[in-house]
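K.L.:
Pasting in a structure now, in C-alpha cells, and then I'll have a few things to ask.
The values are calculated or read from the model by the stated rules, or taken from the named source; none is laboratory data. None of these values were measured; they are calculated from a predicted model. Cβ sites come from the backbone with ideal geometry, for glycine too, and all protein chains shown count toward neighbours.
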Amino acid sequence: MTYERLFSPVQIGSRTAENRFVAQAMEGNDADEGGRVSSRAYERYMNLARGRWGVTVVEAISVVPEARARRFGLVMLPENLDSYKKLVDGYKKLFPEGILLFQVTHSGRNIGPFSSKTCLYPEGAPEGSRLLSTDDIFTIQKAFVSAARLAEEAGADGIDFKLCHGYFGAEMLRPGNVRDDRWGGSFENRTRFIREAVGEIISARKRREFILGSRISMFEAIRGGCGTAAADELIEDLTEMDKVVLFLREIGMDYINVSAGIPAITPEITRPTKPSRRLYLHHFRYAQRVKNLAPDKTVIGSAYSILGEQAAAYAEENIRKGYADCAGFGRQSFADPLYPAKLLSGAPVNYCIACSGCTRLMVGQVNDGCIIYNPYYKEVNKTFSAGGAFA
Ligand SMILES: Cc1cc2nc3c(=O)[nH]c(=O)nc-3n(C[C@H](O)[C@H](O)[C@H](O)COP(=O)(O)O)c2cc1C
Ligand code: SF4
C-alpha cells in the first residue's frame, strides 16, 4: 500500500509539513535535575528527525519547575535555553523540512510527588492539593507566555498549548471549574486564561509563521470534566467542547490536536490497550467532529498506535474522507522512531504491541521509553521490575 494521502504535504498555519505523520508529545522523563534536555532526550528527537515525521511535538515541557509531573521532566527556563537550541539545531540539520513544536504545560493536579499538587477548585482534587489563588494564576499565565517566547527563541517552529489530559489547562476549561473569580464559573471566565495568554504570545512573537496550536481532551470521562454539560454531570455532552473548538479557532490557533481522557484517571480512553482496543473509534469520532467545526484548521487525530500494522491504512482513510488532516502516533513513535521513513522505503517496522511497559516506567518516575525494542529501556525495565534503585 502506498498511503498517498498520509505522505502528502499539509498546511499548518503558514507552514507546510511534508507529510501527515505526527509524532505526538511523549514524556521520556529523562531531563537533568534542572529540566534541561539530556543527551538521551536529544538522541530520541534526532531519531524522530531521521524518521521524517511531518510534525514532531516535543513532550510536555513545564513552564515552571514546580509544575512538573515527572521528576526528570523538561522545564522551559532561560538558563536551560541553550539545551533547547541545541535540540532544535540538531533536529533541523537532520531534517530541515520537519516541523518541531514544543508542548508547554503546567501539571496542576498531576504534579509529581516531589512538589505539592495544585488545584483550581477543590472538588475531586488529590489530597493535599494547594488551591491556587487569583494571583497564583496570573503568575502561571506569565510563565506560559514566557515559555512560548523562549520556545521561539530556541528556534522551535511553534508551541502546543496543552489543554488536555487533566493537566492545568484542562482543569481550567472544564465545567467543573466553579471558581468565583475571573478564572472560573462562566465559559468566558474559564477560557480567559487561554485567551489572554495566547493574545500575548501572538503579539510578542517575532516570527509570524510561529505556529500556535493546542491539544484538547474532547471528553475527560469525569464528573464536570471537559465534554460534559455542567459541573455535576458525568455523561458525554459535547456541546460545550464544540464551543471550545470554535473559541480556539477564533483566537488564532493554527491546529487542534484532538485527544480524550485523563491518563491518571481514565488511561484506557487516552491510550487504548488490547482489551479496550475499540476505544480508538471515539478518537476518530472526536477528530471528525472537530474537523467539521474547524475546516480551516489543521486537525490531528490521536490513538493510532493500538492499530499496529493497520494504523496507516486507517489514517489514510480518515484523511481521504476529510475526517482529520494528520494522524498522531504516541507509543508507535517510541516503538519505532523511524516509522514513516520505514513505511516509505518498505523496511520492516517495529510495531507497538501496546504492552504499557513505557507507561509503567513513566508512572514509576524512572526514564521511560519502549521496553520491547529499545535495549536501554529494556534494562531500565528489568531493574525497575526487580525493585532496583535509579539515578
Ligand atoms: C509514556 C507516555 C508519555 C506520554 N506523554 C505525553 C505528553 O507529554 N503529552 C501529551 O499530550 N500526551 C502524552 N502521552 C499521550 C500520547 O501522546 C498519546 O496521546 C497516547 O499514547 C495515545 O496515542 P497512541 O495510541 O498513539 O499511543 C503520553 C503517553 C505515554 C504512553
Ligand atoms: S513499551 Fe510497549 S506500549 Fe510502550 S511503545 Fe513499546 S511496545 Fe508500545
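K.L.:
Are any of the residues in the range 80-90 assigned to a helix (DSSP H, G or I) and within 26 Å of Thr270 (Cα to Cα)?
P.N.:
Within the range 80-90, the first condition is being assigned to a helix (DSSP H, G or I), and the residues that meet it are 80-90.
Checking the rest, the ones that are also within 26 Å of Thr270 (Cα to Cα) come to none.
Checked against the condition, which is being assigned to a helix (DSSP H, G or I) and within 26 Å of Thr270 (Cα to Cα), the range 80-90 yields no hits at all.
K.L.:
May I pose another question? Has the range 306-322 got at least one residue that is under 17 Å from the mean Cα position of the chain (by Cα), more than 16 Å from ligand 2 (Cβ to nearest atom), over 22 Å from Phe102 (Cβ atoms) and of a type in the set (Phe, Trp, Tyr)?
P.N.:
First, pick out the residues of the range 306-322 that are under 17 Å from the mean Cα position of the chain (by Cα): none.
Looking through the range 306-322, none of the residues is under 17 Å from the mean Cα position of the chain (by Cα), more than 16 Å from ligand 2 (Cβ to nearest atom), over 22 Å from Phe102 (Cβ atoms) and of a type in the set (Phe, Trp, Tyr).
K.L.:
Go through the range 304-350 and count every residue that is charged (D, E, K, R), surrounded by fewer than 22 Cβ atoms within 10 Å (Cβ to Cβ) and assigned to a helix (DSSP H, G or I). Show your work before the answer.
P.N.:
Filtering the range 304-350 down to residues charged (D, E, K, R) leaves 309, 316-317, 320-321, 325, 331, 336, 342.
Those left that are additionally surrounded by fewer than 22 Cβ atoms within 10 Å (Cβ to Cβ): 309, 316-317, 320-321, 342.
Applying the additional criterion that residues be assigned to a helix (DSSP H, G or I) yields 309, 316-317, 320, 342.
Residues flagged as charged (D, E, K, R), surrounded by fewer than 22 Cβ atoms within 10 Å (Cβ to Cβ) and assigned to a helix (DSSP H, G or I) within the range 304-350 amount to 5.
K.L.:
Turning to a different aspect of this structure: Among the numbered conditions (1) farther than 30 Å from Ala154 by Cβ; (2) crowded, with 24+ Cβ neighbours inside 10 Å, tell me where Thr266 comes up short.
P.N.:
Checking Thr266 against (1) farther than 30 Å from Ala154 by Cβ; (2) crowded, with 24+ Cβ neighbours inside 10 Å, the one that fails is (2).
K.L.:
Let me ask another. Count, please, the residues in the range 262-271 that happen to be within 16 Å of ligand 2 (Cβ to nearest atom), in a loop (DSSP other than H, G, I, E, B) and touching a helix residue (DSSP H, G or I) at 6+ places or on another chain (Cβ under 6 Å).
P.N.:
1
K.L.:
Among the numbered conditions (1) within 16 Å of ligand 2 (Cβ to nearest atom); (2) closer than 17 Å to Pro263 by Cβ; (3) buried (at least 18 other Cβ atoms within 10 Å of the Cβ); (4) not assigned by TED's automatic domain parsing to the domain that holds Ser214, tell me where Val363 comes up short.
P.N.:
(3)
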